[in-house]
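Heads up, the thing below is written out as structure tokens.
The values are calculated or read from the model by the stated rules, or taken from the named source; none is laboratory data. Predicted model only: the values in this text are computed from it and were never measured. Counting neighbours? That spans all protein chains shown, and the Cβs are built from the backbone with ideal geometry, glycine included. SASA here: full protein model, heavy atoms, side chains in, ligands and nucleic acids out. Shrake-Rupley method; radii C 1.70, N 1.55, O 1.52, S 1.80 Å.
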Amino acid sequence: MSVSRSARWGAGLVLLGSIAAGAGLGVGPLVRSRVAREAAKRACSVAVGGVRPGWFSLVLTDVRVELQGVDGIDVVLPRATVELSYLLRPKEVLIEDGRVTLKGDLEVLKTQLQAWRAAGAKGGTGEHNVLSVHATRTSVQWDEAQNHATLHGLDLTRDEGGLKSLFEKAEVRLGALTVDLVQGGADFDPMAT
């Protein structure tokens, strides 16, 4: 019995498609496990909803971040793209349309964040200890009783040079005082004392 050439090609394509689909299904659990392990080193918990492989990149969707011991901070990242080196190590992260919500007294949040950092929230070590992170179109909102602050269109870049931020619009309401700002930014030098 002979099999036609087109049938052999069809069977080969089905086999290749099955292998690719199996590899794609295996990426998600591996990435979630690695993200959870790295987050635990930094005293965080990170839940990743979806993982899609790309060309030397991974696209994470519906990402939620919690800082251990810090109540009142909710971080939701609808899309984060991790750019990979040719050795498949993370080299850069691009976060799009993130939302950070702060609730409660700023002094309490500040104390909790300082305790979180002191308790071992450590980053990477070695020659490549700073992973470049770029966040675009981020919004930050803080609410406490009659006080409220919102930043829209926040773009952040963190790399070896420090932290740079730009925003499109900010609104701050402290009791009866309201301040609206249009376009601003700040640079923070990691080596400054």
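Of the candidates 111, 81, 61, the single residue that is among the hydroxyl-bearing types (Ser, Thr, Tyr) and under 27 Å from residue 172 (Cα atoms) is 111. Residues satisfying the criterion are present in the stretch 152-161 (criterion: open to solvent by 90 Å² or more (accessible area, probe 1.4 Å) and over 14 Å from residue 99 (Cα atoms)).
If you take just the strands (runs of 3 or more DSSP E) that sit entirely in the stretch 129-181, which of them hold at least 3 residues that are out of contact with any helix residue (DSSP H, G or I) (no Cβ under 8 Å at 6 or more places or on another chain), free of Cβ contacts under 8 Å to residues at least 60 places away in the same chain and more than 30 Å from residue 38 (Cα to Cα)? Lay out the reasoning, then the answer.
Numbers: elements: 132-144, 147-159, 162-174.
Of the strands (runs of 3 or more DSSP E) lying wholly inside the stretch 129-181, those with at least 3 residues that are out of contact with any helix residue (DSSP H, G or I) (no Cβ under 8 Å at 6 or more places or on another chain), free of Cβ contacts under 8 Å to residues at least 60 places away in the same chain and more than 30 Å from residue 38 (Cα to Cα) span 147-159, 162-174.
Could you list, ordered by first residue, the pairs with Cβ atoms under 8 Å in which the first is in the stretch 83-94 and in contact (Cβ under 8 Å) with a residue 40 or more places away in the chain and under 9 Å from residue 57 (Cα atoms) and the second is open to solvent by 60 Å² or more (accessible area, probe 1.4 Å) and assigned to a strand (DSSP E or B), at least 6 apart or interchain? Listed pairs, sorted by first residue: 90/83.
Just one of (1) more than 21 Å from residue 47 (Cβ to Cβ); (2) in contact (Cβ under 8 Å) with a residue 24 or more places away in the chain; (3) open to solvent by 100 Å² or more (accessible area, probe 1.4 Å); (4) of a type outside the set (Asp, Glu) fails for residue 103. It is (1).
Residues of the stretch 47-72 that are open to solvent by 30 Å² or more (accessible area, probe 1.4 Å), closer than 30 Å to residue 111 by Cα, in contact with a Lys or Arg (Cβ under 9 Å, 6 or more places away or on another chain) and modelled with pLDDT of 90 or more: 47, 62.
Here is a check on your reading of the model: is residue 133 open to solvent by less than 30 Å² (accessible area, probe 1.4 Å) and within 25 Å of residue 182 (Cα to Cα)? Break it down into steps so the answer makes sense when it comes.
Values: open to solvent by less than 30 Å² (accessible area, probe 1.4 Å): no; within 25 Å of residue 182 (Cα to Cα): yes.
In short, no.
Applying the criterion of at least 2 residues that are polar (S, T, N, Q) to the strands (runs of 3 or more DSSP E) found wholly in the stretch 24-111 leaves 57-67. Would you please name the residue that is modelled with the lowest pLDDT, looking only at residues in the stretch 102-161 that are under 20 Å from the mean Cα position of the chain (by Cα) and among the β-branched types (Val, Ile, Thr)? The selected residue is 125.
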